[in-house]
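Step one of this worksheet: look at the structure below.
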């Protein structure tokens with residue numbers, strides 16, 4: 001819920017898990033209306049998390065594969081093999 005609140009810039013609720021469970025047990029409809037917006041924001045944040053991972057992972061993976069020197073089994077970099085000759 002906190003990530004959703006940060007993502008949407010809302011203040012959020014400072015409730016403990018015990019307080020939330022107590023709200024749900026005492027009056028479920030009131031809990032739904034009170035926690036509804038924060039829960040919706042949390043669901044959107046969880047749905048966007050895999051998208052953010054993919055958008056960060058694949059370019060980083062490509063960059064490391066493309067620009068990092070490849071180490072062979074002997075422990076030398078292929079970049080330095082041409083200098084040694």
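A short reminder: the numbers here are calculations on the coordinates, not readings from a lab. None of these values were measured; they are calculated from a predicted model. When we count neighbours, we look across all protein chains shown, and the Cβ atoms used for this are built from the backbone with ideal geometry, even at glycine.
A crude spin-label estimate for the pair residue 33 and residue 61, with each label 7 Å from Cα along the Cβ direction, gives 4.7 nm. In a fully extended conformation the segment linking residue 24 and residue 43 would gain 5.0 nm over its present Cα-Cα distance, using 0.36 nm per residue.
Subtracting the Cα-Cα distance of residue 53 and residue 8 from 0.36 nm times their residue separation leaves 14.3 nm of extension gain.
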